[in-house]
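Comments concern the structure below.
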Amino acid sequence: MNKRLLAVTTLGAVLALGTAACSDDDNSAQLGTWAKGVCDAAQAPIAQSRTALADTAKVQPAEPPADLQKRLAVDLAALGKTNQELADAIDKAGAPKVTDGAAMQKDAVGELKQAAQGYQDAQKKLEGLPTTDQAKFADGLRSVGDQVQRLSQLSTQALARLQSGELGDAMKKQPGCKTGSPAGSPATGAPGGSGGSGAAVPPAADPNASPAAGSAAPPAGSASPASPAAGQSSAAPSPSAS
């Protein structure tokens, strides 16, 4: 009787172990599916945001203030759009099956939407700068650059929420969430590319850097501001979707 009871108990333990193993496999598969959906959707916005950030760091000699204003406005519009697309991708994926997954998703979506709105506000502020007054224009560019830096950090923070533990491991396995330099943007020396590996963060899009437009006031009589969009690095964890 005792031997029979022991056998039944042992069988129960084996069955329970098998169930746990299957459960772990199922959870891993669910996380993989969630990560794939997010990273596939984030790949294009991340690349686009890196390209936009890299462009804000370009200094084109003798570029008229009005032309610079238009170019940077296009970049800010792109950054606003890509942050919104990243928020939509994470929102559409639903809550990941991890501890506090729903809260993580909600916070990330909320911060990315906040960043998207911030870029739209920065674009409007930039477009309202007086290009005929070089001193005021340069001061305005500095202010916009500071705003963009804060927004880039906000995007980084939002995506970093999803890049820890099991969920982070699942995201790192997805090509769409691996850091790399998108076509058309430099791998080093500009805010848009890091050339590393691991989960990527956009947002704006490269989490590791953010532009500071208008880093220097134009010299008197100059046709355009000096060093209008010099990039300044800011440490941040490694999207995207920037």
Checklist entry - If you go through the range 73-122, how many residues are closer than 13 Å to Gln48 by Cβ and open to solvent by 20 Å² or more (accessible area, probe 1.4 Å)? => result 6
Checklist entry - So which residues in the range 78-105 are part of a loop (DSSP other than H, G, I, E, B) and hydroxyl-bearing (Ser, Thr, Tyr)? => result Thr99
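Residues are listed down the side, and each one gets a yes or a no for (1) of a type outside the set (Ser, Thr, Tyr); (2) at pLDDT below 90; (3) over 16 Å from the mean Cα position of the chain (by Cα):
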{"residue": "Gln117", "(1), (2), (3)": "yes, no, no"}
{"residue": "Ala122", "(1), (2), (3)": "yes, no, yes"}
{"residue": "Ala138", "(1), (2), (3)": "yes, no, yes"}
{"residue": "Val144", "(1), (2), (3)": "yes, no, yes"}
{"residue": "Leu151", "(1), (2), (3)": "yes, no, no"}
{"residue": "Gly176", "(1), (2), (3)": "yes, yes, no"}
{"residue": "Pro182", "(1), (2), (3)": "yes, yes, no"}
{"residue": "Gly189", "(1), (2), (3)": "yes, yes, yes"}
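The values are calculated or read from the model by the stated rules, or taken from the named source; none is laboratory data. It should be emphasised that the depicted structure is a prediction, and the values quoted were computed from it without experimental measurement. Methodologically, a virtual Cβ is constructed for each residue, glycine included, from the backbone with ideal geometry; neighbour enumeration extends over all protein chains shown. Each accessible area value is taken on the protein alone, full model and side chains, heavy atoms only, with ligands, DNA and RNA left out. Shrake-Rupley method; radii C 1.70, N 1.55, O 1.52, S 1.80 Å.
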